[in-house]
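Here, each number is a calculation from the coordinates, and none is a lab measurement. Just so it is clear, the structure is predicted and the values come from calculations on it, not from any experiment. Here the Cβ is made from the backbone with ideal geometry for all residues, glycine too, and neighbour counts use every protein chain on show.
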Amino acid sequence: MSSLDSYTSLAAYSPFSPLTTFIILTVLISYTFLMRSHFNTLRPGLALKQEKERNILEERYRGIFERREEVVHHVAWAKQRGDQAEEEVMKKKCVTIDKEIDELETRINKIYKSHGVRAKSS
C-alpha cells in the first residue's frame with residue numbers, strides 16, 4: 001500500500017476536507033495566540049471582566065486626579081489670600097488624595113502586569 005493510498009483512505013473517512021481542517025486549525029491557533037498575548041487568558045469572560053475593572057479604575061483615577069488639581073488650585077488661592085488655616089486644610093486634603101492616587105496606580109499596574117503589559121505613562 002503506497003502513502004497515497006493511505007491518504008485517500010483516511011480522507012474518505014474524514015468529515016472535513018483538508019482545506020477546511022487547515023482553516024479551522026488556523027482560526028484556533030490565532031485565537032489562542034491573541035487571547036494569550038493580549039489578555040493572558042483563554043477565557044473571553046475573564047478577559048472582559050478584567051478589562052471592565054481596569055476601565056473603572058482608570059476612570060476613578062482620572063476623577064481623583066482632577067479633584068487633586070482643584071485642591072492644588074485652592075491651596076494657591078488660600079496662600080494668595082493669606083488664609084493659612086485654609087491652606088493647611090487643603091494641603092492635608094492634597095496628601096490624602098495623593099495616597100488614593102498611589103493606591104489606584106498600584107492596582108492598575110497590577111492588572112497591567114497580570115496581562116504582561118507595561119502600564120501607560122500619563
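Once the Cβ-Cβ distance of Glu58 and Val95 is raised to the sixth power relative to R0 = 30 Å, the FRET efficiency obtained is 0.85. Take every pair of alpha-carbon atoms less than 8 Å apart whose residues are at least six positions apart; their mean separation over the length of region 44-122 yields a relative contact order of 32 percent.
Extension gain for Tyr112 to Trp77 (0.36 nm times residue separation, less C-alpha to C-alpha distance): 8.8 nm. Quick one: pull the percentage of alpha-carbon pairs in region 44-122 with a separation above 15 Å. Above the 15 Å cut-off, region 44-122 has 62 percent of its Cα pairs. Simple spin-label estimate for Asp102 and Thr41 gives 3.0 nm between the two label positions (7 Å along the Cα-to-Cβ direction from each Cα).
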